[in-house]
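Right, one structure below, let's go through it.
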Amino acid sequence: MRLVLAQVFWVLPLLGGCIDSETPLGGSKIDSAAPEDTGPAEDTGPEVDPEDSADTGDTEEPEPREGWFDLAVLDPPFLHGNAIWAGVAILDFDRDGHQDLFFTNGGNHPDTLYRNLGEGRFEDVAAEAGVDSTARHGAVVAGDIDNDGDSDLVVTTECTTGTLNPETGRPLGDGNITIYENRGDGTFLERQPALASGSSELGACPVSLELVDINQDGFPDLVYVNRNYNPSQSDPLAQVAGESYVWLSRPRDGNWPRVEVVGTDSNRQGLGTTLILDDGEKRVMHAMGIGGGTNSSSERAFLLGLGDAEAVRLEITFPSGEVVVLDEVQANQSIVVEEP
């Protein structure tokens, strides 16, 4: 792994595992045994490295790859109650530098928050943290809603399935959005934001949501998608689309930087990149994923809440293993970091 100390970086206006080096990705292991001597060979052009050749010929079968993943231990094991309405978020909720796991469970079992204990072990702390709800929670996304430096959670509550409003013939629209505000002490405060459900005949039947800084003011905005419905229950062409909403955040206290990563050897969008934010007191880990819920994906950038901090140290690790370290990154700006 090569460590790159970057003192100068690109500032713009607002806008894993182990690999067997002997086995090419997506290919077979090449038999390197020397061929028999059959006399002078014909001139067939420039010599070609066998590993660069697309013609594998009679090669051995690929060997099973070991070392890509190690089996994690969840204590207690996760009981998955509903395969339709369920989601997962990855966040460092306790700011210990390890990625934790939050699972929604569709209402049949409590939601679960697994604290990462290190060395592949996770412990369920949902009850102590106040997030062990048995509501019909579905999609979930993690982000710093209040820019105080702690990762919060936003989850959807599905509307009642199989029950229609007798006046409109449409779903009841009794779903909702729940915000779990991270208090910074290992617990969360549950909040129910006003979604103005009366503004839509469908009400709230959210199946997907995302946090994204749409107006680029440094604060995460909320986008959620209402489900569609089919009044005939038989004619696919009778589908009626749900109404989606964008809720812009109000200005508030709390500093931030927005960090976009660009892969070169790794994938261009930087998926799988991790970022450790060090504010001098805590080291918080963030990861670039594709979550959000049904038919949605997340913004390809890190929007980081800093609280009162005015400068932080960032350690960015690309999927290739390349590391970029940025010292004294000033708050309230957008930067782009390219993989070296």
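Quick rundown of the values:
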read-out	value
Peptide ranges 120-133, 95-108 listed from the most packed, as the mean C-beta count within 10 angstrom indicates	95-108, 120-133
For peptides 323-334, 215-226, sequence by mean Cβ density within 10 Å, most packed first	215-226, 323-334
Whole-number accessible area per residue in Å² for the range 253-340, which is evaluated in the context of all protein chains at 1.4 Å	43 Å²
Placed amide H near A139: partners under 5 Å, 5+ positions off or other chain	T156
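The values are calculated or read from the model by the stated rules, or taken from the named source; none is laboratory data. Since we're looking at a predicted model, the values are computed, not measured. Counting neighbours? That spans all protein chains shown, and the Cβs are built from the backbone with ideal geometry, glycine included. The area values use the complete protein model at the heavy-atom level, side chains included, leaving out ligands, DNA and RNA. Shrake-Rupley method; radii C 1.70, N 1.55, O 1.52, S 1.80 Å.
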